[in-house]
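Taken together, the values in this text are just the output of simple stated rules run on the coordinates, not laboratory data. Everything numeric here is computed off the predicted structure, so don't read it as measured data. Here Cβ is always computed from backbone atoms with ideal geometry, including for glycine, and neighbour counts include all displayed protein chains.
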Amino acid sequence: MYQFIWIGFFSLVFLLMQILIWRKTKNLMFVFGLFIIYYWSLYGSWFIIADRVGMDSGAHYHYLETKMFRVYLDDNYILTMSYYFIFIFITQFIILIFSKKFPKKIHYNTKLYFSHWAVYIIAVLAVFFSVLLIEDALKYAIATEQSAYVVTRNAEEAGPFFVIHQEMNRFAVFSLAIGIAIYFSNPDSRIFVCEKNRLYLYIYLLLGLIVFGYCSILGNKNELFVGAFAGIFVYHYNAKVRHGAKIALALMVSFLFIITVDVVRSLSIDELVEDTSVNSLFTGVVKATLSNEAFGAHFSMYGVLEYKVPLTFGSSFSSLCASVVPRFFWPDRPRDIYWYYADGLSLTEGQGYTIHHATGWYLNFGVLGIIAGALVLGFIWVFFHNNFSVFVYKKTTFYRILFFLAPATFTASMPNLIRGGPENYKGVFIESILIPTFILLLAGLNRKKIENCKLFEEHDEG
């Protein structure tokens, strides 16, 4: 029962630090991102402790224990919670100490005109090439009456261009999410301005439904999550007049749509056409809210400590350097820390288990690795935050767009980062920062000078 005291203490300190960070920065992205980290770090502890002391939490993580390992409320579990808390606390501390306040006023003499048609073309071409690259896998899924998600997650059946297909999906999702955000933040916007016409909105809705349906069949929940929340953040910081109702509605709709992916991706294409009903979707959504999302990565530190998996002393960085060479040219290049973790615990291959970011750093350098990982995360996050407040002074359009977007897209990609080792930074920078930047660069090449345009009127919400 005393374990509740530990998790209660850790959670209380976390909340107090959140309040301090909000009071200093007024930055929703810090608050949101840190709650995401808490969710995959300590949130699952409440359910595990409750079940172990005789309560019934209702959480659906027990099947993971049958496939991975049993979790006990022993010293290693207390140590697991402590290590996760240290990781979160150091990250919060860095943000609290080194983040700057936004200036009350910023004057900017250039606005970027945003082309909806460029976004439509990017999205359509991205989906077209994505389908083309996995056409054989989709045909195989239909012929064998399997879920497209299951088939495309099999490396042999997905084909050699699966990674490029994933990037095409991200182009489609990001372009539409950011385009919709800019549409609703106009006509009174801070930096990205565009034409407002209902025709544009209808096209966004049509393409959005197509892309959402396609990603749902493929089980691409991460892409939808990152795209949706990046879009919400872009709206929040591009609109001079923020409508809380619009943000709340967007959050609710995004959440409902994203959790339906858990239902849709498990069905074959024939089942989707013939057997799907509103009732079955509703039942699946309810189950999804109690899914094992909060536990897979959470278990990883306990498994490493309980089974005494040896440290690698920097293998993640060898893997990171080697990753610049495509696996097509170097099939046996060094694998990332997740595979070392899975091999060390003899986990069944292909089950989709995840490793916590702190665990990945621990396997590299022990407790010092956890501290180093938190410092790296904290300082990168602060760097993007501090540059956001001065992005208008960047000399090139590319850097202005990058530092306008980076805090939003980096924060939205936190679920991807926190469920992987240090190697995940490469994917986050390319997929969640550079891709959205290039999309906006292509869609906003037409610039118009506006003398003494006030970008930020006042220091209200950051």
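Structure above, values below:
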quantity: Dipole axis of segment 1-122 (+1 Lys, Arg; -1 Asp, Glu on Cβ), positive-most option in Met29, Gln3, Met68; calculated: Met29
quantity: Sorted by Cβ neighbour density within 10 Å, fewest at the top, the residues His357, His60, His116; calculated: His60, His116, His357
quantity: Residue exposure sequence - Tyr38, Tyr2 - by fewest surrounding Cβ within 10 Å; calculated: Tyr2, Tyr38
quantity: Neighbour net charge for Gly179 - beta-carbon separation under 14 angstrom, K R +1, D E -1; calculated: 0
quantity: Relative contact order of segment 34-137, pairs being alpha-carbon contacts under 8 Å that are 6 or more residues apart, as %; calculated: 27 percent
quantity: Neighbour net charge for Arg170 - beta-carbon separation under 11 angstrom, K R +1, D E -1; calculated: -3
quantity: Residues Arg190, Arg70, sorted so that the one with the fewest Cβ neighbours within 10 Å comes first; calculated: Arg70, Arg190
quantity: Net charge, Met17 excluded, C-beta distance under 13 Å - Lys, Arg +1, Asp, Glu -1; calculated: +2
